[in-house]
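Student: The structure under discussion is supplied below as structure tokens; questions concerning it will follow.
No lab work stands behind these numbers, since they all come straight from the coordinates. All of these numbers come straight from a predicted model, not from anything done at the bench. Reconstructed Cβ throughout: ideal geometry from the backbone, glycine too, with neighbour counts over all protein chains shown.
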Amino acid sequence: MKKNVDIVSRGVGVYLTLSGCIAASLTFPCHITKDTFWDEGDTVNCSYRHLTQVPRDIPAGTTTLLLNNNDISQLGPTDFNNLTELRHLDLSTNVLQSNQIAPDAFVALGSLLYLDLSYNSLCMSNECFPKSLYGPLRLLKVFKATRKYAIADPRGIVEYPFRSLSVLEVLRELHVSGIPNVAIPSDIALLKKLQVLDLYLGRLSNISAATFRALHGSNIMTLSLRDNGISQVELGQFSLNLSRLRSLQWLNLSGNEMSALSEDLRHSLDELSERVNFSLDISGNPLSCTSCASLPFLCWLRATRVRIVAKDMLTCAENHNLRVVSISLEDLEASCASAAPGPSLLSVAGSVGFCTLSMVFFLYVNRWRMRWYYYSIKRHLRQKDGSTQDTNHYRYDACVVYADADLNWVAHELIEQVETDWALSLFVYDRDSQAGFPIAENIVQSLETSRYVLFVVTPDFCDDKWCDFALNMALLRDHKSLVMLYIKPIVHDCASRTLRALMNPRTRCTLVEWGDGEYAQSLFWQRLHDTLLPTSDSDMLLYRLAPCTHRPLLLSE
């Protein structure tokens, strides 16, 4: 009897245990399996469960957590608190917003290696990716934050979050959406370990000369520009100088709008393939197979040493059932040769083209001189009509060219010394320009009526378009009448080519540098005094009165 009671008791215990397990499995919405990738821990698959929040009671030993394709809109401070062993977290394709993620949501994820936040509603800026949120992810190697939709018109409200993500010191891969008309900032250099950069779905069809300049000299091995609507890749416009990307091994241009690759890019790719085992992906582009203009590209495609991804599967834009590699190049060459214009037509076209290019070249070379004559004649016609007062040649001892931000130095230092102490007259635009006349005319008038031209060179001077205009207009004068007042150090690359040339000591213009100390400033005034009131015609040398904290602007002798 007692034995039967024990058997019944055991049966009840087993039943209750199984019932508890079954109940737990019914309430926990995710599927748990052994993690075969990491060979330890569990994989918890919560994908496609219509979840609105992170489930509770996720096993502490979880190493892979899949929460993608749900309706999760926020992350709380305790959602991942017990997941200290988590290596892989996928939160893609939810409705997360940047302001709905708790600042300490990832504080326990110090072992995380992979984080996917793609296809959510996250904004794009450094503020949307705070360092305090991502700082605990000290081992993160792969981060994906591609947007669900392309940014059509940023209007300055978005930026690449590279500065904030610099806390991810071992980050190897970064996937974010490209931002049209926004150059990649130099902050990307803070991601010292970055090797893969994916700018998916960015609509980067309009690319300026500075878009990819920050990548030059980087350790990027893979650059993906897929699905960006790029129609042509010219090295000048695209500014993707492959020779400066020393580590680049993979370039993904798939899913764009290119019919062929330009000659410059093909040549650059061939050079790069001689140094590294280089791969190029151009699949999903409308490659032309019947255009004579694409014939050089098709020939290159057959002969290049660059590894073209899925080259045998590339199809023609004219017929998607026709493979690019099956095109008969001999037939296309013969067709293009028969359609070529005759020698006489080519001769006429060549002559017209040469004359046109010569005229364009002449106009370009003399563009500043022509503008000078235009404004000078226009001003003299006004004087003849009596609309302006006639002025004597060299009415002023010097005119001052400066940026608006440097007006304070001009007013309190330069004017006080030159006009008050030396009794010389200066043309200062904010004081002496004629009201109601165009800025360009006033600048030309100041240059015509002044014996010397003083340029107040500062970083703000480099960014001022009217200072650059005055600089080019002044080049039409004798260089000995140009005086460069080097007030603040400027970065070499920020200065225009004209300014860099004039700051070269080998030019005949005078350069005077402002210093911080009393002795340096006294030498500055003495140097300027000797220039404006010369005692001889001997050339002056530049005194370097204070060390530069930036790269020197002056070209080496």
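Student: Need one word for region 409-480: rounded, prolate or oblate. Basis is the Cα gyration tensor (sqrt eigenvalues a ≥ b ≥ c); a/c below 1.5 gives rounded, then a/b vs b/c decides.
Tutor: rounded
Student: Could you pull out every residue, at least 5 positions away or on a different chain, whose amide H is within less than 5 Å of the one on Y452? Hs are placed 1.01 Å off N in the peptide plane, and Pro or chain starts have none.
Tutor: Close amide H contacts, sequence-distant or interchain: A398, C399.
Student: Take the Cβ-Cβ distance between E40 and N82 as r, set R0 to 25 Å, and report the resulting FRET efficiency rounded to the nearest 0.05.
Tutor: For R0 = 25 Å, the calculated efficiency reads 0.90.
Student: Relative to the present Cα-Cα distance, how much length would full extension add between L475 and A189 at 0.36 nm per residue of separation?
Tutor: Difference between extended and current length: 99.1 nm.
Student: Under a point spin-label approximation (7 Å from Cα along Cα-to-Cβ), what is the C299-F354 distance to one decimal in nm?
Tutor: 2.5
Student: Can you compute the modelled spin-label distance between R138 and N181, with each label point 7 Å from Cα toward Cβ, in nm?
Tutor: Result: 4.3 nm between the two label points.
Student: Still on this model: Straight-line reach from K480: which aspartates and glutamates have a Cα under 16 Å away, not including same-chain ones fewer than 8 places off?
Tutor: Within the straight-line cut-off, K480 pairs with D397, E448, D530, D537, D539.
Student: Using Cβ contacts closer than 10 Å as the measure, can you line up D90, D530 from fewest to most?
Tutor: D530, D90
Student: Still on this structure, please answer the following. Can you pull the one-decimal nm distance between simple spin-label points at K488 and S111, each 7 Å off the Cα toward Cβ?
Tutor: Going from the K488 label point to the S111 one covers 5.2 nm.
Student: Could you give me the ³J(HN,Hα) list for region 138-148, computed from phi with Karplus coefficients 6.51, -1.76, 1.60 and θ = phi - 60°, whole Hz, x at Gly and Pro?
Tutor: Each residue's phi maps through the Karplus curve to give 6, 9, 5, 10, 10, 10, 10, 9, 5, 6, 6 Hz.
Student: Any idea what the alpha-carbon Rg over 2.2 N^0.38 Å comes to for region 392-532? Please list the in-between numbers first.
Tutor: Working: Rg = 14.1 Å, N = 141, 2.2 N^0.38 = 14.4 Å.
Cα Rg divided by the expected 2.2 N^0.38 Å: 0.98.
Student: Between W466 and S279, what FRET efficiency follows from the Cβ-Cβ distance if R0 is 41 Å, with the result rounded to 0.05?
Tutor: Working: r = 48 Å, r/R0 = 1.18.
Efficiency computed from Cβ-Cβ geometry: 0.25.
Student: OK, next. In sequence order, what are the phi-derived ³J(HN,Hα) couplings for region 514-524 according to the Karplus relation 6.51 cos²θ - 1.76 cosθ + 1.60 with θ = phi - 60°, rounded to whole Hz, with x for glycine and proline?
Tutor: 7, x, 8, x, 5, 5, 5, 6, 5, 5, 4
Student: I'd like to know which of T304, G229, L248 lies farthest towards the positive end of the charge dipole of region 226-331, counting +1 on Cβ of Lys and Arg and -1 on Cβ of Asp and Glu.
Tutor: Comparing the listed Cα positions along the dipole, L248 ranks first.
Student: Hey, what do the phi angles of region 482-489 turn into as Karplus ³J(HN,Hα) couplings, whole Hz, using 6.51/-1.76/1.60 and θ = phi - 60°, x for Gly and Pro?
Tutor: Whole-Hz 3J(HN,Hα) from phi for region 482-489: 9, 10, 9, 8, 7, 8, 10, x.
Student: Where in region 290-311 is the amide nitrogen less than 16 Å from a point lying 7 Å along the Cα-to-Cβ axis of Q232?
Tutor: The answer is 291-297.
Student: Okay, moving on. Which of rounded, prolate or oblate describes region 29-203 when judged by the alpha-carbon gyration tensor and an a/c cut-off of 1.5?
Tutor: prolate
Student: May I pose another question? So which of K131/K488; K141/K192; K192/K311; K34/K192; K144/K193 end up more than 23 Å apart by C-alpha?
Tutor: Where the Cα-Cα span goes over 23 Å, the pairs concerned are K131/K488; K192/K311; K34/K192.
Student: Continuing with this model, one more query. Please give the contour-minus-distance gain from H267 to D430: 0.36 nm per residue of separation, less the Cα-Cα distance, rounded to one decimal in nm.
Tutor: 53.5 nm
Student: Moving on to the next point. Gain in length, D421 to S522, computed as 0.36 nm per residue apart minus the alpha-carbon separation, to one decimal in nm?
Tutor: Between D421 and S522, full extension yields an extra 35.0 nm.
Student: At a 10 Å Cβ-Cβ cut-off, how would you order T27, T211, fewest neighbours first?
Tutor: Listing T27, T211 from fewest to most nearby Cβ atoms yields T27, T211.
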